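Take a look at the structure set out below.
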There are 2 protein chains.
Amino acid sequence: MKTDTPLAEIAEVLRTRQRFAIMSHVRPDGDALGCTIAMALCLRQLGKDVVAWNEEGVLEKFHYLPGHEIVTQPPAEPQEVEVAIVLDTSVQDRIGRCLPAVKHADVWINIDHHVTNPRFGDLVHIDPSAPATGQILYELFRGCDLPLTYEMADNLYVAISTDTGSFQYSGTTARTYEIAAELIRAGVNVADLSRKMYENYPRRRLELLRALLNTLRFTSADRCASIALTQAVAAQLGALPEDNEGLIDHIRAIQGVQVAAFFEELPEGKVRLSLRSKDERFNASALCAQFGGGGHPLAAGARINGALAEVQEKVLSAIDHAITGN
Amino acid sequence: MKTDTPLAEIAEVLRTRQRFAIMSHVRPDGDALGCTIAMALCLRQLGKDVVAWNEEGVLEKFHYLPGHEIVTQPPAEPQEVEVAIVLDTSVQDRIGRCLPAVKHADVWINIDHHVTNPRFGDLVHIDPSAPATGQILYELFRGCDLPLTYEMADNLYVAISTDTGSFQYSGTTARTYEIAAELIRAGVNVADLSRKMYENYPRRRLELLRALLNTLRFTSADRCASIALTQAVAAQLGALPEDNEGLIDHIRAIQGVQVAAFFEELPEGKVRLSLRSKDERFNASALCAQFGGGGHPLAAGARINGALAEVQEKVLSAIDHAITGN
């Protein structure tokens with residue numbers, strides 16, 4: 001198995017090469033976009049030619065990220081790029097339509113914190129002990145004397161805060177809190193940024209929550225709670241895919257619930273499963289792997305072919321088997 | 001105005017006196033109970049005679065706090081106590097039925113972070129720059145070489161985390177994050193404690209949320225969102241007073257909402273108002289003061305005489321006046 005490239009060696013490539021493309025996974029979250037933007041801003045400070053792409057560009061709800069304009073959708077044609085940097089992406093093809101645009105890159109750098117990362121690329125640094133890829137980038141920037149501007153600090157803070165559920169999830173360490181303190185000293189306004197991250201969702205999101213609570217279902221002797229969203233209800237509420245994010249946490253938080261599942265009916269006969277486990281007794285990643293998905297032990301997902309009701313029964317039955325052994 | 005007593009002087013009293021009673025406000029939150037227990041455990045480490053009281057004892061939802069058994073309801077009769085320590089209590093009579101039990105105390109110590117604290121007591125240390133009273137206690141324990149055990153660290157972490165909305169609210173500084181890091185190094189298990197704080201509520205809390213969302217109302221050109229709970233609905237759901245906590249944050253978080261109000265019908269013709277402001281444009285404390293209440297600029301409350309509908313109209317009208325000047 002390929003060993004980790006030291007961060008100093010990655011920093012050396014950042015300093016000596018000229019043309020970079022930075023990418024992260026489709027359906028990007030705060031860690032993916034925060035890292036993409038922070039890395040792009042760092043390289044610009046170094047005077048590099050930088051493009052930053054995401055298959056979906058930057059959703060409006062992330063427009064509070066300073067420097068977000070730097071991220072565009074990828075061009076259809078292959079580009080002249082020396083170094084392709086892939087951040088927070090557990091499988092290479094999850095960069096989606098960025099892939100053809102960087103097919104001619106000389107060097108691939110893969111920085112991630114997902115333990116399941118298959119270590120694609122030339123320079124690979126995977127640290128599953130980091131609760132967010134943003135934490136690894138902080139160590140890279142600070143540890144290797146790379147630029148760290150106020151705008152970069154904001155992006156890294158968002159990356160870390162969102163991926164740790166506001167500094168709560170397993171994997172959050174004293175070091176994570178120290179890094180947050182240093183980012184605040186570098187200029188982050190905690191209250192302002194927290195409001196933008198956590199207290200600024202559209203009214204329809206609460207309406208969606210109300211609709212989802214009406215589908216709440218308990219299985220496995222109340223140790224599994226699940227909710228479901230049909231395309232019809234989503235259309236009726238005008239719900240956007242990103243409105244769902246975090247809603248599953250409401251049902252995971254119920255006393256006695258070990259695992260929470262969110263079933264979202266997608267077009268073309270598919271269902272998106274999001275799975276959250278409360279603790280190490282239930283491995284969400286292993287369960288999702290049974291359905292071709294993956295992720296972390298406490299948070300994983302899969303896209304599954306089939307009708308909503310059929311997928312629900314299959315998955316809930318697999319969960320029941322995992323919990324009770326039956 | 002009475003000046004602040006340096007923490008070192010307070011530490012000296014803790015070291016030299018023998019019989020202490022520790023108290024905090026009625027309807028205690030994580031900061032109130034975490035501080036009460038941490039202080040009690042510290043004094044026990046010093047070999048002191050300690051009682052810790054809260055009018056309501058410790059609600060079941062706080063039974064995860066290590067050492068919570070130390071806190072009892074106050075006795076009806078005055079006790080032989082040298083030093084009364086009041087923590088996180090913005091007005092002296094908010095210690096409720098603890099007051100008669102400590103009427104013979106020689107020395108009153110008042111440690112708090114509420115800017116409106118009238119500085120009652122003999123030794124007073126009010127630091128409105130601290131986002132939680134737990135942060136002041138940390139500085140007291142660490143800065144003055146007092147004991148700081150693992151159990152105390154857990155209690156201080158809960159005090160700080162719950163009073164900052166998981167390290168998000170205005171007032172949270174780099175120092176707050178550094179203290180969290182130090183508490184983690186002292187033994188706090190972040191994920192475990194976070195689950196107990198934020199991911200362990202009874203099923204009826206979600207049912208309550210669903211019911212409250214059905215009362216959601218927008219006023220002041222959608223800049224004010226409010227919800228209401230009647231005694232009838234509370235009884236039907238079997239809701240306990242503590243089930244409400246934090247539910248108001250859901251409506252404060254709606255885009256464009258500046259102020260969120262929660263009206264809770266109480267027995268005997270009273271209504272409990274909880275008010276949350278999104279930023280400095282709206283002063284929740286000033287609004288609540290109009291109705292005999294108080295608190296912080298971003299989070300305040302009041303108990304108001306009157307029928308629910310009548311109180312709603314009065315308060316929403318006052319909010320409208322404050323927002324629009326009409």
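The values are calculated or read from the model by the stated rules, or taken from the named source; none is laboratory data. Just so you know, these numbers come straight off a predicted model, no measurement behind them. For neighbour counting, all protein chains shown are included, and Cβ atoms are generated from backbone atoms with ideal geometry for every residue, glycine included.
Looking at region B:62-69, is at least one residue in the same structural domain as B:Leu146 (by TED's automatic domain parsing), outside any helix (DSSP H, G or I) and surrounded by fewer than 17 Cβ atoms within 10 Å (Cβ to Cβ)? Spell out how you get there, then give the answer.
Restricting attention to region B:62-69, the residues satisfying the condition of being in the same structural domain as B:Leu146 (by TED's automatic domain parsing) are B:62-69.
Filter again for outside any helix (DSSP H, G or I), leaving B:63-67.
Filter again for surrounded by fewer than 17 Cβ atoms within 10 Å (Cβ to Cβ), leaving B:63-64.
Yes, region B:62-69 has at least one match.
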- Task: Can you confirm whether region A:135-149 contains a residue that is at pLDDT 95 or above, more than 8 Å from chain B (Cβ to nearest Cβ), closer than 19 Å to A:Asp31 by Cβ and part of a strand (DSSP E or B)?
- Result: no
- Matching residues in region B:167-178 - criterion: being surrounded by fewer than 24 Cβ atoms within 10 Å (Cβ to Cβ) and more than 7 Å from chain A (Cβ to nearest Cβ): B:Gly171, B:Arg175
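Would you call B:His114 in a strand (DSSP E or B), in contact (Cβ under 8 Å) with a residue 40 or more places away in the chain and away from chain A (no Cβ under 14 Å)? Walk me through how you get there before you give the answer.
Details: in a strand (DSSP E or B): no; in contact (Cβ under 8 Å) with a residue 40 or more places away in the chain: yes; away from chain A (no Cβ under 14 Å): yes.
No: the conditions fail for B:His114.
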- What is the number of the single condition among (1) without any contact (Cβ under 8 Å) to a residue 24 or more places away in the chain; (2) assigned to a loop (DSSP other than H, G, I, E, B); (3) not basic (Lys, Arg) that A:Gly121 does not meet? (1)
- Looking at (1) surrounded by fewer than 20 Cβ atoms within 10 Å (Cβ to Cβ); (2) touching a helix residue (DSSP H, G or I) at 6+ places or on another chain (Cβ under 8 Å), which is the only condition B:Phe291 fails? (1)
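Whether any residue in region B:315-323 is free of Cβ contacts under 8 Å to residues at least 24 places away in the same chain, within 16 Å of B:Ala225 (Cβ to Cβ) and not aliphatic (A, V, I, L, M) is what I want to check. Don't jump to the end; show me each part of the working.
At the first step, the residues of region B:315-323 found to be free of Cβ contacts under 8 Å to residues at least 24 places away in the same chain are B:317, B:321.
From the residues that got through so far, the ones that are within 16 Å of B:Ala225 (Cβ to Cβ) too are B:317.
With the extra rule that they be not aliphatic (A, V, I, L, M), the set shrinks to B:317.
The answer is yes; a qualifying residue exists.
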- Message: Can you go through B:Asp122, B:Asp154, B:Asp88, B:Asp163 and tell me which one is crowded, with 19+ Cβ neighbours inside 10 Å, charged (D, E, K, R) and in contact with a strand residue (DSSP E or B) (Cβ under 9 Å, 6 or more places away or on another chain)?
- Response: B:Asp88
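Name the single residue, out of those in region A:191-208 being at the interface with chain B (Cβ under 7 Å from one of its Cβ atoms) and of a type outside the set (Phe, Trp, Tyr), that is nearest to the chain's Cα centre (by Cα).
Our first condition is that a residue be at the interface with chain B (Cβ under 7 Å from one of its Cβ atoms); within region A:191-208, this holds for A:191, A:194-195, A:198-203, A:206.
If we keep only those that are of a type outside the set (Phe, Trp, Tyr) too, we end up with A:191, A:194-195, A:199-200, A:202-203, A:206.
Values: A:Ala191: 22, A:Ser194: 18, A:Arg195: 20, A:Glu199: 19, A:Asn200: 19, A:Pro202: 21, A:Arg203: 24, A:Leu206: 22 Å.
If we take residues in region A:191-208 being at the interface with chain B (Cβ under 7 Å from one of its Cβ atoms) and of a type outside the set (Phe, Trp, Tyr), then A:Ser194 is nearest to the chain's Cα centre (by Cα).
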- Message: Please determine whether any residue of region A:193-204 is in contact with a helix residue (DSSP H, G or I) (Cβ under 9 Å, 6 or more places away or on another chain), surrounded by fewer than 19 Cβ atoms within 10 Å (Cβ to Cβ) and aromatic (Phe, Trp, Tyr).
- Response: yes
- Filter region B:1-25 down to residues that are assigned to a loop (DSSP other than H, G, I, E, B) and at pLDDT 95 or above and give me whichever is farthest from B:Leu146 (Cα to Cα). B:His25
- Message: Of everything in region B:304-323, what is within 24 Å of the chain's Cα centre (by Cα) and under 16 Å from B:Ala286 (Cβ atoms)? Give them in sequence order.
- Response: B:Ile304, B:Val315, B:Ile319
- Task: Say whether the condition of being in a loop (DSSP other than H, G, I, E, B), more than 7 Å from chain A (Cβ to nearest Cβ) and surrounded by 15 or more Cβ atoms within 10 Å (Cβ to Cβ) is met by at least one residue in region B:253-271.
- Result: yes
- Query: Which of the residues spanning region A:179-190 are in a helix (DSSP H, G or I) and either more than 9 Å from every other protein chain (Cβ to nearest Cβ) or more than 17 Å from B:Ser129 (Cα to Cα) (or both)?
  - Reply: A:Ile179, A:Ala180, A:Glu182, A:Leu183
- Here are A:Ile160, A:Ile126: which of them is closer than 20 Å to A:His25 by Cβ, at pLDDT 95 or above, out of contact with any helix residue (DSSP H, G or I) (no Cβ under 6 Å at 6 or more places or on another chain) and of a type in the set (A, V, I, L, M, F, W, C)? A:Ile126
- Query: For region B:227-252, how many residues are within 12 Å of chain A (Cβ to nearest Cβ), buried (at least 20 other Cβ atoms within 10 Å of the Cβ) and assigned to a helix (DSSP H, G or I)?
  - Reply: 5
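In region A:209-218, what residues are part of a helix (DSSP H, G or I) and either closer than 30 Å to B:Glu182 by Cα or at the interface with chain B (Cβ under 8 Å from one of its Cβ atoms) (or both)? Let's see the steps before the verdict.
At the first step, the residues of region A:209-218 found to be part of a helix (DSSP H, G or I) are A:209-213.
Across region A:209-218, the qualifying residues are A:Leu209, A:Arg210, A:Leu213.
Taking region B:151-166 as the region of interest, how many residues are out of contact with any His (no Cβ under 9 Å at 6 or more places or on another chain) and either under 24 Å from B:Asp4 (Cα atoms) or within 14 Å of another protein chain (Cβ to nearest Cβ) (or both)? Spell out the reasoning first.
In the first step, residues of region B:151-166 are kept if they are out of contact with any His (no Cβ under 9 Å at 6 or more places or on another chain); the result is B:151-154, B:156-162, B:164-166.
If we keep only those that are either under 24 Å from B:Asp4 (Cα atoms) or within 14 Å of another protein chain (Cβ to nearest Cβ) (or both) too, we end up with B:153, B:156-162, B:164-166.
Count: 11.
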- Residues in region A:196-207: is at least one of a type in the set (A, V, I, L, M) and either more than 23 Å from A:Glu60 (Cα to Cα) or part of a strand (DSSP E or B) (or both)? no
